[in-house]
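Enquirer: Have a look at this one.
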Amino acid sequence: MNDRATPHPPPCRRAGWILIALICVVVAAAASGPAVAQTAKAKGADAEVAFAFGVAAYHRGDTEEAVERLSEAAAADPEDGTARYWLGLALLAAGDGARAESELTAARDSQRPPAVTPERLRQDLDRARDLAAGRDASSAAPPAPVLSGFSRFGELPVWELEVRGSWGDDSNPLLVADGVFAFAPDGRVVQGAESDRVTQLGARFDLRPVRSAGGWTLGLAFGANQASFDEFGFLDFTRLAGTAHLAWGGDPAGFLGSPLGATRVPIGHRRFALLLQGGVAEDELDSVAFVTTTRLAASVFWRQGATGTTRLAVATSDEDFENDGSGAFEASGTTTEVEVEQTFYLGPRNRYLRLAAAVGERDAGATFDASHTRGRAELALPLSDRWTLGLSGSYETIDFDAIESNPLFFIFPVDEIREDTKTGFSAVVSWALTPRLLLVGRGSRTDRDADLGPVAEQFFDFDYERTVVTVGFRWFFQPGGAS
């Protein structure tokens, strides 16, 4: 997580962001309302939820879960040819040709047949009959069809909106060590780490003007985030950001992740993929411009079949701080980083272990010039069809380049150059209340050990510990989908 104290805006600004978020929710709900009503009328709520989870399981390769959920959807609405057709595909993937033939035939003859071409349905029935007769049907297997109305699991939606919020406790918003006195802008004296309740609200809008299955995909993302503390009002923080994602190729899970965040791409199985990203973010602290950051990144993905994916990324960012110092005290600067990441899939695509290592260099004033080395590990564990546990840990060393990094240098000469060590751990539990509404619990711990040398540490203590625990939600909207 970001080690800057998550700052936030005054009441009037917070009310403005809340109003904007609510307007976005209403607009998205109104736009998707007719499709939602039609889908609910066709399937019923239980069938719809089971169908959504079944298609999601099919795309991530969990055929057992797909058969179970799609069987529930077909049983809840037997005349829904779409549910029975996808059940037939799942049974084909599971190797049950006889049942697949039965379900595909029922889908073809149902009152509401699936929205696929007769030729595609005939091909699938031929595959099922070949499999039932003991003949090889795998070589003729075409890709899964696009599913109208549930584009989150098939073709790329033109737009998506995510609204999120969380509430919790931050043990150390000021990022100070125990026993250290800090002076707040309002004149209050804070002694050591003091906790406070934190509220975070945000929204993200994704637009995809170019969508090409297996080819190039252009995505534009716009986001707004705010955070506020009950007592530390001077830490009000707002971020506005825009990012462009240009991707080539698809991914079996439908996502590519990189230093500037993840973007949705067509579902595909090519061995290589490419992602180019560029973005700008502006941060405000107490309604005053704080820093503007411009970032560029390029990532190459190489897949080792169904076992894993390797990613090599190069990223650069330029931070321009308002009212910055000059010379040795200039904080504005450029950071360049190279990262290698390996993902190991532990069965389905949503169960994985991810390991990454990165090295980077920051070029700013002498006080802030530094190189860093970082390692991180992530483990994603789906506990059931609706519950997911995510664990992550990181370790980073920051080696400053100049003696000016030691604050005692400006008082009298010292020999020690500053070195920092940071460790972090986080755990996230999410529950899918519906396919598009998640309830999320999150906890994180960060520790920084700043080595200034024994002399300087008698006067300065830059160490800190921080624990943040929150509960919240993530709500997704898109055309043709149900909330």
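Enquirer: Here are some conditions: (1) of a type in the set (Phe, Trp, Tyr); (2) under 29 Å from the mean Cα position of the chain (by Cα); (3) not in a strand (DSSP E or B). Trp431 meets all but one. Which one does it not meet?
Expert: The one condition Trp431 does not meet is (3).
Enquirer: Just to confirm my filter: which helices (runs of 4 or more DSSP H) fall fully inside the stretch 34-101 and include at least 2 residues that are at pLDDT 85 or above and more than 27 Å from Glu119 (Cβ to Cβ)?
Expert: Those helices (runs of 4 or more DSSP H) span 63-76.
Enquirer: Consider the stretch 350-364. How many of its residues are open to solvent by 60 Å² or more (accessible area, probe 1.4 Å) and more than 21 Å from Gly390 (Cα to Cα)?
Expert: Count: 3.
Enquirer: Restricting attention to the stretch 439-461, and to residues there that are among the aliphatic types (A, V, I, L, M) and either open to solvent by 40 Å² or more (accessible area, probe 1.4 Å) or in contact with a Gly (Cβ under 7 Å, 6 or more places away or on another chain) (or both), which single residue is farthest from Phe400 (Cα to Cα)?
Expert: Among those residues, the one meeting the criterion is Leu439.
A quick yes/no check of all residues on (1) modelled with pLDDT of 90 or more; (2) open to solvent by 30 Å² or more (accessible area, probe 1.4 Å):
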| residue | (1), (2) |
| --- | --- |
| Gly268 | no, no |
| Arg271 | no, yes |
| Leu276 | yes, yes |
| Thr294 | yes, yes |
| Asp324 | no, yes |
| Gly327 | no, yes |
| Glu337 | yes, yes |
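Enquirer: Restricted to the stretch 102-124, and to residues that are open to solvent by less than 60 Å² (accessible area, probe 1.4 Å) and among the hydrophobic types (A, V, I, L, M, F, W, C), which residue is modelled with the lowest pLDDT?
Expert: Applying the filter and picking the extreme gives Val116.
Enquirer: To continue, here is another question. Filter the stretch 381-394 down to the residues that are loosely packed, with under 14 Cβ neighbours inside 10 Å and either in contact with a Ser or Thr (Cβ under 6 Å, 6 or more places away or on another chain) or part of a loop (DSSP other than H, G, I, E, B) (or both) and list them by number.
Expert: Answer for the stretch 381-394, where residues must be loosely packed, with under 14 Cβ neighbours inside 10 Å and either in contact with a Ser or Thr (Cβ under 6 Å, 6 or more places away or on another chain) or part of a loop (DSSP other than H, G, I, E, B) (or both): Leu383, Ser384.
Enquirer: Collect the residues in the stretch 296-308 that are of a type outside the set (Ser, Thr, Tyr) and open to solvent by 60 Å² or more (accessible area, probe 1.4 Å), keeping them in residue-number order.
Expert: Of everything in the stretch 296-308, those that are of a type outside the set (Ser, Thr, Tyr) and open to solvent by 60 Å² or more (accessible area, probe 1.4 Å) turn out to be Leu296, Val300, Trp302, Ala306.
Enquirer: Would you tally the residues in the stretch 234-266 being among the hydrophobic types (A, V, I, L, M, F, W, C) and open to solvent by 60 Å² or more (accessible area, probe 1.4 Å)?
Expert: 4
The values are calculated or read from the model by the stated rules, or taken from the named source; none is laboratory data. Because the structure is a prediction, the values reported are computed rather than measured. Every residue, glycine as well, gets a Cβ built from its backbone with ideal geometry; the counts of neighbours run over all protein chains shown. Just so you know, the surface numbers come from the protein's heavy atoms only, side chains and all, with ligands and any DNA or RNA stripped out. Shrake-Rupley method; radii C 1.70, N 1.55, O 1.52, S 1.80 Å.
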